[in-house]
Structures are given as structure tokens and as C-alpha cells.
Amino acid sequence: MPRKFKSALRVNKGVDQPENINGDALHKHRKAKRKILAAGEYLDGILTGNRTILSQAITLIESNLPRHQEIAQEVIEKCLGYAGNSVRIGITGVPGVGKSTFIEALGNKLISMKRKLAVLAIDPSSEYSKGSILGDKTRMEKLSAEINAYIRPSPAAGTLGGVARKTRETIVLCEAAGFDTIFVETVGVGQSETAVHSMVDFFLLLMLAGAGDELQGVKRGIMEMADTVVITKSDGDNKIHANRAKAEYQNALHLYPPTKSGWIPEVLICSAKDGTGISHVWETIDKYYRFTRANKFLEQKRKSQSLYWMYETINDKLKDRFYQHPEIIKQIEKFRKMVLDNKISSFIAARQLLDKYFPK
């Protein structure tokens, strides 16, 4: 007769499940989290350095809801009197150049000098991917933990012009919050550089040593905008390549027309990994500011940028209102089908739609 074995497996009684969360309490909690403050309350929070209030105000700027935009514009208007006192630096570079590593190294250097830094990232590619660039915070772990540093990614979706305008408005809020240094980082390369160039004082281009032109094919147009070129990853065996690239880029810069500021762009080398050359980068930026303040170019540049963004905002608002117009909403699908069926040309369709929006 087979012997019976006692099983060694035992199932313990599970932990008692908590009672269901009160639905009314959860609703009130969510409603409280979504509470919109008055513009004056946002201003008070921003001026006292309240990060939570600052982030909430920036979220209003990023929102496309009319009510949010109304409050956001009121907050921006109130902050304008406290803005304009920061050093605004645009940072761009080809993929793999080490932007995040460089920004963290330079940022930590500035924090050690008792400066307050805000890092704003602008990502035009997100219009297609709809992805988030919050990864910037995880790549800058040490910097993001600093009390005097604030890292904020751009909206996760939207047109380049819209994202850029919102980033510029975010600069105003960060300056009012007491940040004396603003980094605007471009995640992509291409058209975004022009947008960033139009909102910063100093434009920094990061380049790789030893990378072929197929990787750096965008450099010609961007180099004309650069106030300084920095060759990264200049450490170990790569130092020789970095010094050679420095000489090549320096020669290339001489072929471009003189800058409007009178500043002669420099080529620097650095290694964010071991920290060499980082101090020199900041010294160069500081030298540029002293130079452009002395010849009044910095003041003129900021005035020109303000006009540029006035016109850009007009264009954006006109475009938004056109597509939101009830008559256009009713008619545009009909015209779209007519264009696809070759019953009307694109230009005539556009003109007729515009005539409906702007009646004579």
C-alpha cells in the first residue's frame, strides 16, 4: 500500500485587503490637486522661490486650454517686471555629443559658484513621437538634486514655433523666481537651433572630434550662429583628435562673415568626464557678456528678440483662431476632398477659405 507523504508546501493566509477607497474623498483629492490659483498667488509663490508654484505656472503656459492660457498670460505679465536679469545660454549639438553630461558638469560648476540655474529643454521632434524628454532629469542626477538647480523639459507635443514660444515664456517665470542663469537645450538638430538662437544671449555649439561629415552635416548653418564651439570628450586617446579638430574648426570660423556683435567666436576643448576645460568654457561666456554689455549689443539683441516673438505670437494666434473658426471647421473638410480629387487647386482652396475667415 503506497505511503502518504505530507506536503511541505503551505499557503499562508493573505493580508486582509483594505476597504475600498472612498470615491467622494478621491474625487475631492483630485479636484484639490487641479485647483487653479489666482494670478497674484502664482506671482507670490514664484517670487518666494516656491518650486511647486513655479512648476504649476509653467504647466499653465504649456496648456492649450483657453482658461489656462488666460491665467498664464496674466502671470507672465506680472512677472515681466522681475525678469531680464539672467544669463541666457543656448546649448546644442549633434546626437552623441554628450549634451546632458556637459550641461551637468557646467551646471555643477555654476552651482559651486553660488549661481542659480534653470535648464529648459526644447524638443521639436516630439511633435511626431509624442514622447517625453523627462529622461534629461535622470541623466543629470547630481544636478537635479541640487537645491539651486531646476530642470524642466519642454511640452511633450506641439509645433516647433509653439514649443519655442512657451519656452521663452518659461524663461520669464524662471528669471522672476530668481534663477540668474538659464540654459536652453535643444534635443534635436536643425530648425530648432534658429528658434533657440532667437531667445538666448549666447549660443554654444557642442561638436565631436573625429566624427565624419555625415554625422555633422548640419554644422555649416549652425556654426554661423555659434558664439563658441566646444569640442567635447577630449580625454584619453581622444585628446589628439580634439586638438586637431579645434584647429580645423577655428580655421573654418574665419571663413564666415564677421558677427553683428563684433565678438570673434572661439573654439574650445573640454571633457565633462574629468572636468577639464569646463572652467574655461564659463570664463569665455563671461567674457562674451562683458564684451556685449560694453558695446550695447546685448541690450539691442534682446529688444530685437522681443519684437521677433511679438510677430511670432501674432502668427501663432492667427493660425489657431483660423482653424478654430466655426465656418472654417465646417468648410475645410469639403475643400480638403476637392483638393485631393483635383477639383480645385491648393492655392484657390486656401484663398477661398481665407476669404471666408476675412470677409470683404
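Structure values in brief
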read-out: Size of electric dipole in region 34-81: Cβ of Lys, Arg +1 and of Asp, Glu -1, about Cα centre, debye, nearest 20; value: 180 debye
read-out: Hydrodynamic radius by Kirkwood, which averages 1/r over all alpha carbon pairs of region 34-81, in angstrom; value: 10.4 Å
read-out: Amide H within-cut-off set for I231, under 5 Å, with H built and near neighbours excluded; value: M207, L268, I269, C270
read-out: Rotationally averaged projected area of region 214-355 (alpha carbon convex hull; nm²); value: 14.3 nm²
read-out: Gain on full stretching of the segment that runs from Y289 to A145 - 0.36 nm per residue minus C-alpha separation; value: 49.0 nm
read-out: Nonlocal amide H pairs with F203, under 5 Å, H built at 1.01 Å; value: G90, D227, T228
read-out: In order through region 165-172: 3J(HN,Hα) via Karplus (6.51 cos²θ - 1.76 cosθ + 1.60), integer Hz, x for Gly, Pro; value: 4, 5, 5, 5, 5, 5, 4, 4
read-out: Given K35/K142; K166/K334; K78/K109; K114/K273, the pairs whose alpha carbons are separated by over 24 Å; value: K35/K142; K166/K334; K78/K109
read-out: For region 226-231, Karplus couplings with θ = phi - 60° (6.51, -1.76, 1.60), whole Hz, Gly/Pro x; value: 6, 8, 7, 10, 10, 8
read-out: Stretch gain in nm, segment H68-K319, where the contour uses 0.36 nm per residue and the Cα spacing is subtracted; value: 88.5 nm
read-out: Estimated Rh, region 271-334: Kirkwood, alpha-carbon pairs, angstrom; value: 16.1 Å
read-out: Sparsely packed trypsin sites (Lys or Arg not before Pro) within region 28-109, loop by DSSP, other Cβ within 10 Å at most 14; value: R34, K35
read-out: P(r) tail fraction, region 309-357 - alpha-carbon pairs more than 16 Å apart, %; value: 45 percent
read-out: For region 105-117, 3J(HN,Hα) per residue [Karplus equation, 6.51 cos²θ - 1.76 cosθ + 1.60, θ = phi - 60°, Hz, x = Gly/Pro]; value: 5, 5, x, 5, 4, 5, 4, 5, 8, 6, 8, 10, 10
read-out: Label-point gap, in nm, between F347 and Y82 - each point 7 angstrom along Cα→Cβ; value: 5.2 nm
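Readers should treat all values here as calculations from the given coordinates under stated rules, not as data from a laboratory. Since this is a predicted model, take the numbers as computed values, not measurements. Virtual Cβ from ideal backbone geometry, glycine too; neighbours counted across all protein chains shown.
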